[in-house]
Structures are given as structure tokens and as C-alpha cells.
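A short reminder: the numbers here are calculations on the coordinates, not readings from a lab. Bear in mind that the values here come from a model prediction, so they are computed numbers and not experimental data. Note that each Cβ is placed from the backbone with ideal geometry, even for glycine, and that neighbours are counted across all protein chains shown.
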Amino acid sequence: MINRKLLIAAGAVVVALGSAACSSDDSSDSAASATTSAAATAAAPSAEVLGATLTTFFDPAVAVPEKVAVVQDGAKQTAVLEQFNGVLKGYPLTAQVTKVTPVDADTVTATTTITGPHGGAPVEVNFDQVDGKWVVSQDAVCTIFSMGKLTCVQ
């Protein structure tokens, strides 16, 4: 039962995170806004790159050190990632990224279908660029953990 709740809660939380991250900027300087948007779009990762990151994150067979590398501040989450792997063994999840929307030069929102044993739902997952690599944002990871009744390390 907790596993079913994990998928439902994960979808709801990730949608909420994605919506909050996509707030509007009402700047009157349209030239600066257009330049920023163009730069963010040029630097945005592909759906395939982000999908591969989520595949690593959701695969229970992937060792924790590899998962640490795809999570923002992943070293803090080592113990929780170990617990998460245990949850995923009993309730496998997959993710497919269908759209990538730049938020700024170092943040994107990925429209993602997360699927478990009882179906799937489209959700928004935020990624941050850290040291040139796109990783699942700490907020998104903590939201997903909380759906599985796991406590994220802040």
C-alpha cells in the first residue's frame, strides 16, 4: 500500500514543484528577456539526457554512488538513496521525459511521465546544472522521497 501511495504522492509533489518553478517574470525589458530565453534554450539539455538521469535515479539495481552523482547535493542523501533503492525494488518506477523547458541558464523543468505498476502520470521534474552536469534538483528529489515516506536530508 505504501508503494501505491509513493507513486500517487510522487506525481502530486512533482507537479507542485514544477508549477512553482515555472512562475512568470513580468520584466518590462523584452530585449533582455529574449536574450536570456535564447541563452537558456541554447544551454538546455535534451530530453534524452534528462531521461537517462532519471533512469539512473529510479533503477534499484544502480549503486548508490552512481545515484549520488545524478542528484543535487547527492552526498547528503546517501543513506536515503539506499532506502529509496529498497522501496524501488518492491515498487519499480520508470520515467520518460517528453519536453524540456528552460527556467534560467542553470535550471530546466522536464515534463516527465513517471510510471509504476499501477499506471503513470505526467509530472514536472526540475533539474539544475551543477559543474556542467544536469542533475535532479534537491527539491524534486526531496519531494519524491517524501512520497515514499523517506526523509530528505536538508
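Summing +1 for each Lys or Arg and -1 for each Asp or Glu, what net charge is found among the other residues whose Cβ lies under 12 Å from the Cβ of V80?
Numbers: positive: K67, K76, K149; negative: D73, E82.
Taking every other residue near V80 into account, the sum is +1.
Out of residues 5 or more away from V123 or on other chains, whose amide H comes under 5 Å of its own, with H placed 1.01 Å from N in the peptide plane?
Distant-sequence amide H within range of V123: T112, T113, I114.
In the neighborhood of V100, defined by Cβ-to-Cβ distances under 14 Å, what is the net charge if each Lys or Arg adds +1 and each Asp or Glu adds -1?
Net charge around V100: -4.
Taking +1 at the Cβ of each Lys and Arg and -1 at the Cβ of each Asp and Glu, which of T94, G74, V125 sits farthest along the dipole of segment 74-154 towards its positive end, judged by Cα position relative to the Cα centre?
Positive-most Cα among the choices belongs to T94.
Evaluate the charge dipole of segment 101-154 about its Cα centre and quote only its size in Debye, nearest 20, assuming +1 on the Cβ of each Lys and Arg and -1 on the Cβ of each Asp and Glu.
300
For segment 65-140, what does the alpha-carbon gyration tensor say about shape, rounded, prolate or oblate, given a ≥ b ≥ c as the root eigenvalues, a/c under 1.5 as rounded, and a/b over b/c as prolate?
The shape class here is oblate.
Which links in K67/K149; K76/K99; K67/K89 stretch past 21 Å when you go from one Cα to the other?
Too far apart for the 21 Å limit: K76/K99.
Summing Lys, Arg as +1 and Asp, Glu as -1, what charge do residues with Cβ under 12 Å from the Cβ of A61 carry, A61 excluded? Please list the in-between numbers first.
Numbers: positive: K67, K89; negative: D59, E66.
Summing Lys and Arg as +1 and Asp and Glu as -1 gives 0.
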